[in-house]
Amino acid sequence: MATRSFTSRRELEQHSFPPAVALLVPLGAILLQALLPRPFPRLAILDLPLIVTVFFAVSRRNPVAGTLTGAAIGLLQDALTAQPIGVNGMAKSVIGYIAASIGIQIDVENLTTRILINFGFFLMNSFLLFLINRRLLGLTNFHIYWGHELIRAAINTAVALPIFFLLDNAKRRE
């Protein structure tokens, strides 16, 4: 006789990752982000740490873990780039929290959903960086060009999709 168990969507589809993947993938993304634009300046348009932050946040579906993941990745990114310490940490913390909260509510395994959330989070990240730099740091000469940011979001979304599919293979169901 079959029995029904009523559990939440979050309990059913929460994923974890092997410790090596959880540490090496973000570190690799941060190092690539810091090193690749030097010999290849056009690659500065990519934000690999943001891609990794969004992936881990929506996969774990835990807002606290998403926030902490975003903060850690953002602070390490700040330490290795020219940004003041904390700028990317704050922006990626917010993105991690919102991404994990959305991951609880909707199916983030769907290709269309992945395209929409990646595109939206890249635009949100640009807006958050604008606010942090302009309002909190008082950099009045910091401007945002939305046409460039739309192209940047589209390129990062195109790069994020194959990364998401590769990282899907590392998921462990809890």
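Between 23, 123, 76, the residue with the greatest mean-square fluctuation in the GNM of the chain (Cα pairs under 10 Å linked by springs) is 23.
Considering segment 69-154 at the alpha-carbon level, its Rg and Dmax are found to be 13.8, 40 Å. From its DSSP helices (H runs of at least four residues, each -39,500 (n - 2.57)), the chain gives a residue-normalised ellipticity at 222 nm of -22000 deg cm²/dmol.
The stretch between residue 158 and residue 79 holds 25.8 nm of extra length on full extension. This uses 0.36 nm per residue minus the Cα-Cα distance.
Of 147, 86, 120, the residue with the greatest mean-square motion in the GNM of the chain, using alpha carbon springs below 10 Å, is 147. The chymotrypsin sites (Phe, Trp or Tyr not before Pro) of segment 120-154 that meet both conditions, a loop assignment by DSSP and at most 12 other Cβ atoms within 10 Å of the site Cβ, are 145. Computed from the Cβ-Cβ distance with R0 of 25 Å, the FRET efficiency linking residue 134 to residue 166 stands at 0.10.
Computed on the Cα atoms alone, the convex hull of segment 21-66 gives a volume of 64 cubic angstrom per residue.
Using only alpha carbons, the chain has a radius of gyration to Kirkwood radius ratio (Rg to Rh) of 1.00. The C-alpha atoms of segment 46-96 occupy a region whose extents along the principal axes are 31, 20, 12 Å, arranged from largest to smallest. Accessible surface for the chain, divided over its residues, is 55 Å² per residue with a 1.4 Å probe.
For residue 36, put the label point 7 Å out on the Cα→Cβ axis and report which residues of segment 56-73 keep their amide N under 18 Å from it. From segment 56-73, the list is 56, 73.
The values are calculated or read from the model by the stated rules, or taken from the named source; none is laboratory data. Everything quoted here is computed from the prediction, not taken from an experiment. Neighbour counts are summed over all protein chains in view; Cβ atoms, including those assigned to glycine, are modelled from backbone coordinates with ideal geometry. For the accessible areas, the whole protein counts, side chains as well, though only heavy atoms, and no ligand, DNA or RNA atoms are used. Shrake-Rupley method; radii C 1.70, N 1.55, O 1.52, S 1.80 Å.
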